[in-house]
Amino acid sequence: DVDYEGKQRIEATYAMIDLPLAKSLNLIGGVRWETTRVGVVLAPEAAATWLPENEVQEAQLLPGDADVDFAQHDVLPSVGLVYRPLDAVTLRAAYNETIARQTFKELTPVLNQEYLGGPVFVGNPNLQISQIRNYDLRLDVTPLEGSFVSASWFRKDIENPIEYIERSVTFGFTFPVNYPRGQLTGFEFEARQEIGSLWEPLTGLAGGGNLTLID
């Protein structure tokens, strides 16, 4: 049996400006400074074992063998344009950078089972944070009072995406790794309508729907 204590500390600050370039055009830009610190300290029992990196069989887990001390500082910029050619039409374009952090389970290199005989998961202490570049285009239209229609396109280019693979030594287990690159693209469509604006007896009732297509 192995108990562990995990601590995560996130420090962040940001600056943002909303600058009108013209009557119908705004530039919104900013930057976020973020520091992530993650630590894991294991408290193994005397007979506890673990799977050291690049080894093919388990070894005895001694205090300090698999502790994790991870720290990273990120500078995450963001820029967007909002254009309103008509009162009922808004066009938005944006670029920003974000991150996806590892979980304690993904970082801690001990055998995890949710129940006896269940699938085994082993964490990876060398797992890195994923860096994500986001691109977005969006069109919002309000054709009638109480009506809203939206269509958008988005893309995410991911560096070091976290993926799960299956490994096998003296037993089989799931193991998280960083792939070099990943990409996600898609379209989103949304519509909302206040029914009362079409038929007064149904005031207070609204309907809506959303369709998202992701590759």
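Observations on the model:
- Solvent-accessible area per residue for the stretch 38-173 (1.4 angstrom probe, square angstrom): 56
- Look at where the Cα atoms of the stretch 51-123 and of the stretch 1-29 average out, and the two centres are 17 Å apart.
- Reach of K7 by Cα under 23 Å, taken over lysines that are not fewer than 8 positions away in the same chain: K105
- The label point for I214 and the one for L137, both projected 7 Å from the Cα toward the Cβ, are 2.1 nm apart.
- With a Förster radius of 30 Å applied to the C-beta separation of A94 and V2, the computed FRET efficiency comes to 0.10.
- The chain: most fluctuating residue of V40, V122, V169 per GNM, C-alpha cutoff 10 Å: V169
- Derived scalar couplings ³J(HN,Hα) [the stretch 90-104; Karplus, 6.51 cos²θ - 1.76 cosθ + 1.60; whole Hz; x for Gly, Pro]: 10, 10, 10, 9, 8, 9, 8, 10, 9, 9, 10, 8, 6, 8, 4
- When the chain is described by a simple charge dipole with +1 on each Lys and Arg Cβ and -1 on each Asp and Glu Cβ, the residue from L107, L91, L205 located farthest towards its positive end is L91.
- Helix-only mean residue ellipticity at 222 nm for the chain, each DSSP H run of n ≥ 4 adding -39500 (n - 2.57), per residue, nearest 500: -500 deg cm²/dmol
- Here the stretch 90-215 has 57 percent of its accessible surface on carbon and sulfur atoms, given a 1.4 Å probe and all protein chains in place.
- Here the simple spin-label model places points 7 Å from the Cα toward Cβ, and for D87 and K105 these points are separated by 5.3 nm.
- Taken one residue at a time, the phi angles of the stretch 37-54 give Karplus couplings (6.51, -1.76, 1.60, θ = phi - 60°) of 10, 10, x, 10, 10, 8, 10, x, 6, 4, 9, 5, 10, 8, 10, x, 4, 6 Hz. Gly and Pro are set to x.
The values are calculated or read from the model by the stated rules, or taken from the named source; none is laboratory data. In this text, all values refer to a predicted model and were calculated from it rather than measured experimentally. So basically every Cβ, Gly included, is an ideal-geometry build from the backbone, and we count neighbours across all protein chains shown. Just so you know, the surface numbers come from the protein's heavy atoms only, side chains and all, with ligands and any DNA or RNA stripped out. Shrake-Rupley method; radii C 1.70, N 1.55, O 1.52, S 1.80 Å.
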